[in-house]
1. Would you please give the residues with an amide H less than 5 Å from that of F83, counting only those at least 5 places away or on a separate chain, with H modeled from the backbone geometry?
2. Compute the Rg/Rh shape ratio of region 44-87: radius of gyration over Kirkwood radius, all on alpha-carbon atoms.
3. Multiply the residue gap between H97 and N124 by 0.36 nm, knock off their C-alpha separation, and tell me the result in nm, one decimal place.
4. Counting helices only, and only those DSSP H runs with n ≥ 4, report the 222 nm mean residue ellipticity of the chain as the sum of -39,500 (n - 2.57) divided by its residues, in deg cm²/dmol to the nearest 500.
5. Using the eigenvalues of the Cα gyration tensor, what equivalent ellipsoid semi-axes result for region 67-123 when each is taken as the square root of five times the eigenvalue, whole Å, largest first?
6. Kirkwood hydrodynamic radius (Cα pairs, Å) of the chain?
7. Among 96-107, 53-64, 28-39, 153-164, how do they line up from the highest to the lowest mean number of other beta-carbon atoms within 10 Å?
8. Per residue of region 70-78, what does 6.51 cos²θ - 1.76 cosθ + 1.60 with θ = phi - 60° give for ³J(HN,Hα)? Whole Hz please, x for Gly and Pro, Karplus curve as stated.
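The numbers here are math on the coordinates, done by the rules we state, and not lab data. As the structure is a prediction and not an experimental result, all values here were calculated from the model. A quick note on method: Cβ atoms are made from the backbone with ideal geometry, for glycine too, and the neighbour counts reach across all protein chains shown.
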Amino acid sequence: HIKKSKMIVISPHNSLLSQHKMQASRYFSGTSLSVGSLLPSDIAGISESRIPTDLTFVSIHAFKLLVSDHAQILENSGVTHCFIDEVHNLFQELFRHGSSWCALRGLARMNWRIYCLSATVNSNISNCVGSYLGLRDSLDLIGSGTKYHVPNVAIRITNTTDSAVITDVVN
């Protein structure tokens, strides 16, 4: 019998979390893998002593609440893998460091396999993230921020009426 791994994905923004949860629910539909999410409003009334789904998308604010108010849930969660999406925000969104990102300090104490995701982090920032998380010398880098090419995107502003907005966007 193979023990099923539990995974959490820490997401910096609720809209991104919702998109990832929706996509994962579609991808894993018909399988035995359960997909869920936790937002700050879910944490206030949490009654489970464990994280209930196999793959759980957690907002960074909800994760902060779990760390500060419900540490036993994380300790008993059965989580084996943690993905931190857009980890560069740890050092870029200083305005919300104290209300959210600080929950990641020393995360290595959880003994989870930690994956930090970002396409825009250089090796210096990677080392700072590793140190902040408590990973010390056990940091493996895959890819490189110097090899990431920013997409060539143009923003065009067009005046439109409410009734024509869909047509104008499509065209």
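1. Those lying under 5 Å, H to H, from F83 are I8, V9, I10, Y115.
2. Checking Rg against Rh, the ratio lands at 0.93.
3. Additional length available on full extension: 7.8 nm.
4. -8500 deg cm²/dmol
5. Whole-Å semi-axes of the equivalent ellipsoid: 21, 16, 8.
6. Result for the chain, one decimal place: 18.0 Å.
7. Per-residue Cβ counts within 10 Å, averaged per peptide and sorted highest first, yield 53-64, 96-107, 28-39, 153-164.
8. 9, 4, 5, 5, 5, 5, 9, 5, x
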